Amino acid sequence: MKKLYLLAIIVVIFLVLVFGVNKSASQNLPGADNTDPAISSFVGCLEEKQAVFYGAFWCPHCQDQKDLLEIKDDSDIYVECSTPDGNSQTSECAEIGIKSYPTWVFEGARFKSGTLSLSELAAETGCELTQE
C-alpha cells in the first residue's frame, strides 16, 4: 500500500512538472502572440503619430526600448541603423542625423535620444496607454 501511495505521489509530481514546463515553454514559442493588448494599442497610436524609433541591434538600451514596447525588429515603428557587421551606420540614419541610440523622431522632426518611458512617449505624441 505504501508503495502504491508513493508511486501515485511521484506520478502526480511528474505530471505537474511536465505540464507546467510545457505551458511556460509554449508561451515563448516563436509566433506565439504574448503581447499586451494595451501596449499593442499604444504602439499602434505611436505609428499613427509617425513616431519612429531608430536603434541598433547591438545597443542594450535599444533592446530595453523594444522590450518595453514589445516590438520586434520588423516593426513599422523601428528602423535598424546598424549595418549587419555592427561597424557602420546605414545611409538612411546618417542622412537624417542619427547620432546615438536609441533616438526617437517625432512629428515635426523633433529628435529625442535615450530610452523613453511610456509616459514620456505619451507626452511626446498624445497617445494614451489604457490599462485593461
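The values are calculated or read from the model by the stated rules, or taken from the named source; none is laboratory data. In this text, all values refer to a predicted model and were calculated from it rather than measured experimentally. Note that we place each Cβ from the backbone using ideal geometry, even for glycine, and neighbour counts take in every protein chain shown.
Tabulated values for the structure
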read-out: Any hit, region 51-64, residues being part of a loop (DSSP other than H, G, I, E, B), hydroxyl-bearing (Ser, Thr, Tyr) and closer than 28 Å to Asn34 by Cα; value: no
read-out: Pair list, Cβ under 9 Å, 6 or more apart: region 47-71 residue under 16 Å from Ser82 (Cα atoms), other residue assigned to a loop (DSSP other than H, G, I, E, B) and acidic (Asp, Glu); value: Val52/Asp76; Phe57/Asp73; Lys66/Asp73
read-out: Selected residue [of a type outside the set (Gly, Ala, Ser), more than 11 Å from the chain's Cα centre (by Cα) and at pLDDT 95 or above] from Glu70, Glu47; value: Glu47
read-out: Close pairs (7 angstrom Cβ cut-off, 6 or more residues apart or separate chains): surrounded by fewer than 16 Cβ atoms within 10 Å (Cβ to Cβ) in region 112-132, basic (Lys, Arg) anywhere; value: Gly126/Lys49
read-out: Region 92-111, residues that are in a strand (DSSP E or B) and exposed (fewer than 12 other Cβ atoms within 10 Å of the Cβ); value: Arg110
read-out: Region 114-128, subset under 13 Å from Val52 (Cβ atoms) and not β-branched (Val, Ile, Thr), residue farthest from the chain's Cα centre (by Cα); value: Glu124
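Matching residues to (1) of a type in the set (Lys, Arg); (2) part of a helix (DSSP H, G or I); (3) at pLDDT 70 or above:
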residue: Leu7; (1), (2), (3): no, yes, yes
residue: Phe14; (1), (2), (3): no, yes, yes
residue: Leu17; (1), (2), (3): no, yes, yes
residue: Asn22; (1), (2), (3): no, yes, no
residue: Gly31; (1), (2), (3): no, no, no
residue: Thr35; (1), (2), (3): no, no, yes
residue: Phe42; (1), (2), (3): no, yes, yes
